[in-house]
Amino acid sequence: MACLLMAVFMVNGLKAQEVIPDAVGYIVKVGDAAPDFEMTLTDGSKMKLSALRGKVVMLQFTASWCGVCRKEMPFIEKDIWQKHKGNASFALFGIDRDEPLERVKKFAAQTKVTYPLGLDPGADIFAKYAVRNAGITRNVLIDKEGKIVMMTRLYNEEEFSALCNKIDEMLK
C-alpha cells in the first residue's frame, strides 16, 4: 500500500505540488489567472491586484541593481505609461524586488519614472509568478478578467513593441 501511495504522489521524482518553471523561470503561463497579491506602494498606499478587475494591468518586476531594468524603464514610462496613464481602464505597477523604501524612491528618481512602484520584501510577490531566484526584468500583462495574456523577460525591442501593441489593442 505504501508503495502505491508513493507512486501516486511522486512522478519522475517530483512531488505533485511542485511547479516546473518554463525556460525563463516563469511558473505561470498565458491563460492562467494572475496570482493575487497585495503590496504597499512607495507613497504608503496599498494595492490589491484583484481590486483591479475590469482593467488591463501591466506588472513590471524590477530592482535598482538590474541594468536591463534601468534600460527598459524609460521606454515603459514613455511608450506605455505616458500614453495610457489617463485611461481609467489601465493600470501599471512596477514591483521592486526585495529593496527598502528609500532605495526604491531613489531608483524611481534616477530612472525618471512616474508610474507607481511597489515594494516586494523577500520577493514574495515575484515568487507567485516566477522561480524566486530567477532573473528580472519581467513584464506580465493581465486582461480585464484577471487572466495573463502576455509575459516578457529581459528587454528586446521586438518583444517590447509587441507588448505595446497588445496593450493598445486591449484598450480599444
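Brief remarks on what is shown
- Residue match in the range 142-159 (condition: among the aromatic types (F, W, Y) and touching a strand residue (DSSP E or B) at 6+ places or on another chain (Cβ under 8 Å)): no
- Out of D168, D124, sole residue that is charged (D, E, K, R), at pLDDT 95 or above and either under 15 Å from the mean Cα position of the chain (by Cα) or crowded, with 18+ Cβ neighbours inside 10 Å (or both): D124
- Criterion (open to solvent by 20 Å² or more (accessible area, probe 1.4 Å), more than 22 Å from A123 (Cβ to Cβ) and either under 15 Å from the mean Cα position of the chain (by Cα) or of a type in the set (F, W, Y) (or both)) met by exactly one of F90, F75: F75
- Test: residue in the range 101-110 that is of a type in the set (K, R) and touching a helix residue (DSSP H, G or I) at 6+ places or on another chain (Cβ under 7 Å): no
- Test: residue in the range 135-144 that is modelled with pLDDT of 95 or more, open to solvent by 30 Å² or more (accessible area, probe 1.4 Å) and more than 24 Å from A23 (Cβ to Cβ): yes
- Residues that are touching a residue at least 24 places away in the same chain (Cβ under 8 Å), within 24 Å of I27 (Cα to Cα) and assigned to a helix (DSSP H, G or I), drawn from the range 73-125: M73, I76, G122, A123
- For the range 1-49, the candidate set comprises residues that are polar (S, T, N, Q) and at pLDDT below 90; within that set, the residue that is farthest from the chain's Cα centre (by Cα) is N12.
- Pairing each residue of the range 50-66 that is at negative phi with any residue that is part of a loop (DSSP other than H, G, I, E, B) and polar (S, T, N, Q), provided the two are 6+ apart or on different chains, yields C-beta distances under 7 Å for K55/S89; V56/S89; Q60/T137; F61/T137; T62/T137; C66/T137.
- For N156, the test of being of a type in the set (S, T, N, Q) and in contact with a helix residue (DSSP H, G or I) (Cβ under 8 Å, 6 or more places away or on another chain) is failed.
The values are calculated or read from the model by the stated rules, or taken from the named source; none is laboratory data. Everything quoted here is computed from the prediction, not taken from an experiment. Every residue, glycine among them, receives a Cβ derived from its backbone with ideal geometry; neighbour counts consider all protein chains shown. For accessibility, only protein heavy atoms count, side chains too; no ligands or nucleic acids. Shrake-Rupley method; radii C 1.70, N 1.55, O 1.52, S 1.80 Å.
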